[in-house]
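To start, the structure itself, in structure tokens.
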Amino acid sequence: MERTSNNIPIGRSANMGAAAIFLFLTILLAAGRPPYFNLAPPAFLLLFSVLITILIMRLAGTKKATLPAILSIAGFLAVIAIWAFATQILYDAGHDGHSYHLPAIWAFVEGWNPFLSSHDNIWVDSYPNGYWALQSYIVAMTEILLSGRALTVGLIAAVYLLAFGFFLDRSTYRSSLSQLLQAALFSAIVVANPVVLTQIMTHYVDGVIYLLGTALILFLLSDAFSGNRLTRWAAMSCIILMVNTKTASLYYVPLFVLGALAIEWIFSDTRISRFQNLFVLIRSKGIPYGLAFFIGILLIGFKPYVTNVSDHGQFLYPSVDKIMDTNIPVNLEPLSVPMKFVYGILSRTEDSVWPVPVTAPVELKIPGSVKLFEFKDLDFDTRRGGFGPLFSLSLILALAAYAIGKLARRKNGAGIWRKEEDAFALFGFVLVGASAFFPESWWARYIPFIWLSVFLIAYSAMRMAENGKIISLSRILFGLVVICFVVNIAAGALGALRQSWHTYQRTAVIEQMKSFRVVELALIEDPRTIADHQSTLISSSDKTWTRLLEDRGVNTTIVQEINKEECEHFGFFDGNVLWCVRK
């Protein structure tokens, strides 16, 4: 493949810029971890982190890396600020944000250091808190209570930049414009996972984990093809950020790293022995990545991982059984984990919002068949068909395209294996396996990487550059996969708009509430009863709404229960909170 001299710097600059953003976030997280360091002015810690990032970029890359680093971090911060101020009048569209994400962020803003004290909310006290700490900088500097969610949009921009450089460097077309358009399209598909789109206006972190994990995967693949210190350090940063955002990363990160190292070993230099190649990989990459993993857990993630063991005798606390109790669709309970995965992928996209119970059965469908409601039913917590109405079809088409491409290569007498093309597909299969054996394999937001896996498999087929009727069929199938992805993305966007509209309808009355003497708030009881000697709350939604409403000038009081018949005005807020203005 020939590349114009103008295109090489674009892709490389994009990669360096994206690496700088993830290094910056990791340094910012680490800078606020030591006791009392978090009390330093946020602007000071931000500036300190930027300067350290630039220093690392110069040490790991070249002097030319400085400008892309500065521009990328500045653009990243600008995107966050613009989104934070543009959406400040809109409320969080999810439940868990009010229950524990927002209380955690606000606690950090108020000076809470999890290394020094516990929190009364059991989820805040026992879950990874690194992402909340990063969000707290945004809230502290903008003084907008809900602005922390803008970090998700910043990460979308960062991963888009990374993916753009990644695909641009590997474009199969000679035309400069074609390369740019192709890279732009592929990058949009990668970041526009419906799990991400439907959580943009929430504080959920499943979409965040997908973005961080995708960045890790792209850095790992880049390191395998043309390794350098900067790419490796960026991958290590993603590892640290992931394990300090969600406990599911303890499962995904080792599989991603081991998968990447195994694939690199398979295609390694045959001039030296396999054993020597393995030793070199472990020494140069396995050990650094492993160190990042354990530093993220034992040092930066000391709270909650180490403290969960010391305080509760469990590494993962509360236990998964307690968390998932009452959440599993009734027809999936007796099935094995891989079979639940099959149901999750082949199911019809259906609503999960009340009055639909969360335990409603999953309904299978013929791949490619659609019903109109599937284009609007996706939301932040879709439990049935959560990747869109045509996702199962895209998976089948991607597998067919790859198989046909491999058969065409064998028929043409070409080598059956090609490093980059097959590495993409093999990593796609690693992601399929990782998703299929994850305990909640039917639930889209817990297996977000299956979205990337399908695209990598299809992309591998597209990269097979031989001519002929069979390979043309493979490319046609790839085109159909792209169309399916676009349809699924449209469904995700429509679902996100629908849930934001519903939230707006529920909160439009807040302006009118200013004229009421007092608004009573009551938390709907959670059927799960989880508490310990440090934490007594399973949800802080009532306190969250008290603060949000008081910020808008509404006088509130928290009560144990509300009788609708005694209310002149009555309603529901996300987070399972009822409100009432008495007659």
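The values are calculated or read from the model by the stated rules, or taken from the named source; none is laboratory data. These numbers come from a predicted model, not from an experiment. FYI the Cβ positions are ideal-geometry reconstructions off the backbone, even for glycines, and counts take in every protein chain you see. For accessibility, only protein heavy atoms count, side chains too; no ligands or nucleic acids. Shrake-Rupley method; radii C 1.70, N 1.55, O 1.52, S 1.80 Å.
Being in the same structural domain as Ser237 (by the TED database), surrounded by fewer than 21 Cβ atoms within 10 Å (Cβ to Cβ) and at pLDDT 95 or above is a property that Tyr160 has. If you check Ser136, Ser118, which single one turns out to be outside the structural domain of Asp551 (by the TED database), over 22 Å from the mean Cα position of the chain (by Cα) and not aliphatic (A, V, I, L, M)? Step by step, each of Ser136, Ser118 is checked, and only Ser118 is outside the structural domain of Asp551 (by the TED database), over 22 Å from the mean Cα position of the chain (by Cα) and not aliphatic (A, V, I, L, M). Can you find a residue that is in a loop (DSSP other than H, G, I, E, B), surrounded by 19 or more Cβ atoms within 10 Å (Cβ to Cβ), touching a Lys or Arg at 6+ places or on another chain (Cβ under 6 Å) and not assigned by the TED database to the domain that holds His119 anywhere in region 366-378? Checking region 366-378: not a single residue is in a loop (DSSP other than H, G, I, E, B), surrounded by 19 or more Cβ atoms within 10 Å (Cβ to Cβ), touching a Lys or Arg at 6+ places or on another chain (Cβ under 6 Å) and not assigned by the TED database to the domain that holds His119. Taking Arg170 as the residue in question, decide whether it is outside any helix (DSSP H, G or I) and open to solvent by 10 Å² or more (accessible area, probe 1.4 Å). When the stated conditions are applied, Arg170 passes them. Any residue at all in region 88-95 that's over 20 Å from Val153 (Cβ atoms) and of a type outside the set (Gly, Ala, Ser)? Yes, region 88-95 contains a residue that is over 20 Å from Val153 (Cβ atoms) and of a type outside the set (Gly, Ala, Ser). When every residue of region 417-438 is checked against the conditions, at least one turns out to be open to solvent by 40 Å² or more (accessible area, probe 1.4 Å), of a type in the set (Val, Ile, Thr) and touching a Phe, Trp or Tyr at 6+ places or on another chain (Cβ under 9 Å). Filter region 263-283 for residues that are assigned to a helix (DSSP H, G or I) and either free of Cβ contacts under 8 Å to residues at least 24 places away in the same chain or not assigned by the TED database to the domain that holds Ser226 (or both) and give the result. Within region 263-283, Trp265, Arg274, Phe275, Gln276, Asn277, Leu278, Phe279, Val280, Leu281, Ile282, Arg283 qualify. Of the residues making up region 335-360, those that are part of a loop (DSSP other than H, G, I, E, B) and either in contact with a strand residue (DSSP E or B) (Cβ under 6 Å, 6 or more places away or on another chain) or at pLDDT 90 or above (or both) are Leu335, Ser336, Arg348, Thr349.
Between Leu46, Leu39, the distinction of being modelled with pLDDT of 95 or more and under 20 Å from Ala133 (Cα atoms) belongs to Leu46 only. The numbered conditions (1) closer than 21 Å to Leu197 by Cβ; (2) in contact with a Ser or Thr (Cβ under 8 Å, 6 or more places away or on another chain); (3) among the acidic types (Asp, Glu) are all true for Glu440 except (2). A search for C-beta distances below 8 Å between a residue of region 554-583 that is over 17 Å from Lys514 (Cα atoms) and any residue that is loosely packed, with under 15 Cβ neighbours inside 10 Å and among the charged types (D, E, K, R), counting only pairs 6+ apart in sequence or on different chains, returns Glu566/Lys583; Asn576/Asp526. Among the residues of region 196-229, the one identified as in a helix (DSSP H, G or I), under 22 Å from Trp442 (Cα atoms) and open to solvent by 10 Å² or more (accessible area, probe 1.4 Å) is Leu197.
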